[in-house]
Amino acid sequence: MKTRVLTITDPEEDIKKIQEAADLIRAGEVVAFPTETVYGLGANALEAEAVRKIFEAKGRPGDNPLIVHIYDVNQWKDLVEDIPKQALLLAEAFWPGPLSIILKKSSLIPEEVTAGLDTVGVRMPAHPAALKLLALAGVPVAAPSANRSGKPSPTTAGHVLEDLNGRIPMILDGGSSCVGVESTVLDCTGEVPLILRPGGVTPEMLREKAGQVRIHSSVRRPLFEDEKAISPGMKYVHYAPNAPVVLIRGSVYSFADYVNRKALELEREGKKAGILATEQSLRKCRYGIRLSLGDGNNPSEIAGNLFACLREFDSLGVDLILAEAVEEKGIGLAVMNRIVKAAGFHVIDLES
Ligand code: TXA
Ligand code: MG
């Protein structure tokens with residue numbers, strides 16, 4: 001299959017291209033499209049056969065459910081059994097935006113979308129090209145991140161092409177995703193909303209609107225062996241570049257000292273270390289291949305750079321990636337969750 005890439009500069013001017021993508025979705029095909037979080041791989045959420053093509057293109061395990069994307073809140077009512085007041089309030093506050101709300105699903109949603117669960121995650125993305133595509137398609141669109149399963153999520157059309165060239169018919173290129181990490185997955189089926197995956201809408205932002213909000217323990221630590229994964233995504237390897245990743249906690253000084261020693265040691269063995277850290281910390285690092293996450297005082301910038309850096313280490317062919325821990329505040333919680341997962345929870349704490 002040939003993968004066509006159509007560039008969208010302005011959703012109004014480029015409406016014909018978006019219409020082509022919408023036609024593909026209506027015809028039961030898959031299309032990759034930009035969202036403000038990461039690129040998605042979309043298909044008609046109401047057609048089991050179309051949804052199966054997503055799993056096939058990504059190589060995604062069949063028991064990992066998909067998020068359904070809408071452009072109008074009215075579409076939501078048909079997809080779920082009931083919308084509790086609190087969920088509606090959160091949607092009104094944060095949609096369009098990086099928040100996926102999980103509720104009991106209606107019978108309209110085929111089980112391929114939810115991997116047999118009785119709940120469905122729904123979100124309204126904020127990217128203008130995504131909203132236009134969803135409106136023209138006129139159907140709810142199931143869309144996971146448009147990467148091969150296990151790889152870091154794509155934040156550019158180029159990343160999607162790297163992973164899915166020849167496997168999907170079309171990519172809409174709407175530039176870099178501005179948030180850079182995926183949406184917050186919030187389970188609203190209980191009394192107190194529960195964050196299953198931290199993302200663009202932070203716990204602080206949610207608490208301001210909803211009062212109490214819990215964070216699932218697996219956000220920071222691996223699941224115990226006998227523990228049930230509420231979100232099946234929790235149990236899989238994620239965001240992993242080719243080289244192993246180690247997360248390092250410590251002060252700027254202890255971090256720099258550790259990675260300088262480790263990178264030099266690897267260099268002597270003829271291997272390459274990749275160093276992933278804030279601009280401030282990188283100034284103190286002298287060895288290895290250094291990629292900047294951005295300004296240490298700007299967590300949004302760090303979130304925006306994270307996945308592109310992990311992918312770049314692949315193309316640079318490093319043997320080990322040493323990543324600096326960032327503060328788990330605001331969107332920093334999502335950044336740390338992704339790095340910890342990329343590292344398979346391999347953490348070195350220099351202060352303890
Ligand atoms: O920002 C995003 O959410 C992007 C863009 C494309 O919208 N999409 C995305 O989808 O990240 P995906 O499939 O890569 O991640 C969805 C996550 C998975 O961890 C999945 O297990 C969880 O959400 N999830 C989906 N439906 C669920 C449900 N009904 N219950 C629990 N977890 C669910
Ligand atoms: Mg994903």
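When you scan segment 166-189, how many residues do you find that are under 25 Å from residue 309 (Cβ atoms), of a type in the set (Val, Ile, Thr) and away from ligand 2 (no atom under 16 Å from the Cβ)?
1
Scan segment 118-132 residue by residue and report those that are open to solvent by less than 20 Å² (accessible area, probe 1.4 Å) and among the small types (Gly, Ala, Ser).
Once the filter is applied, which keeps residues that are open to solvent by less than 20 Å² (accessible area, probe 1.4 Å) and among the small types (Gly, Ala, Ser), segment 118-132 yields 121, 129, 130.
Among the candidates 135, 210, 142, 115, which residue alone is within 16 Å of ligand 2 (Cβ to nearest atom), surrounded by fewer than 19 Cβ atoms within 10 Å (Cβ to Cβ), farther than 29 Å from residue 313 by Cβ and not hydroxyl-bearing (Ser, Thr, Tyr)?
Among 135, 210, 142, 115, only 115 is within 16 Å of ligand 2 (Cβ to nearest atom), surrounded by fewer than 19 Cβ atoms within 10 Å (Cβ to Cβ), farther than 29 Å from residue 313 by Cβ and not hydroxyl-bearing (Ser, Thr, Tyr).
Among (1) part of a helix (DSSP H, G or I); (2) of a type outside the set (Phe, Trp, Tyr); (3) open to solvent by less than 10 Å² (accessible area, probe 1.4 Å), which single condition is residue 195 missing?
Just one mismatch for residue 195, condition (1).
Just name the residue that is most open to solvent (accessible area, probe 1.4 Å) out of those in segment 281-331 that are of a type in the set (Lys, Arg) and outside any loop (DSSP other than H, G, I, E, B).
Looking at the filtered set, the residue picked out is 290.
Hey, can you tell me all the residues within segment 332-352 that are outside any strand (DSSP E or B) and open to solvent by 20 Å² or more (accessible area, probe 1.4 Å)?
341, 344, 345, 346, 350, 351, 352
For segment 145-156, what are the residues that are open to solvent by 10 Å² or more (accessible area, probe 1.4 Å) and within 24 Å of residue 9 (Cβ to Cβ)?
Within segment 145-156, 145, 156 qualify.
When you check residue 256 against the structure, is it crowded, with 20+ Cβ neighbours inside 10 Å, in a helix (DSSP H, G or I) and out of contact with any Ser or Thr (no Cβ under 8 Å at 6 or more places or on another chain), yes or no?
Spelling it out, it is not the case that residue 256 is crowded, with 20+ Cβ neighbours inside 10 Å, in a helix (DSSP H, G or I) and out of contact with any Ser or Thr (no Cβ under 8 Å at 6 or more places or on another chain).
Of the residues 155, 189, 184, which single one is within 12 Å of ligand 1 (Cβ to nearest atom), at pLDDT 95 or above and closer than 22 Å to residue 245 by Cβ?
The conditions single out 155.
The values are calculated or read from the model by the stated rules, or taken from the named source; none is laboratory data. In this text the structure is predicted, and so the values were computed from the model without any measurement. Positions of Cβ are backbone-derived with ideal geometry, glycine not excepted, and every protein chain shown enters the neighbour counts. Surface accessibility is based on the protein's heavy atoms, side chains included, excluding ligands, DNA and RNA. Shrake-Rupley method; radii C 1.70, N 1.55, O 1.52, S 1.80 Å.
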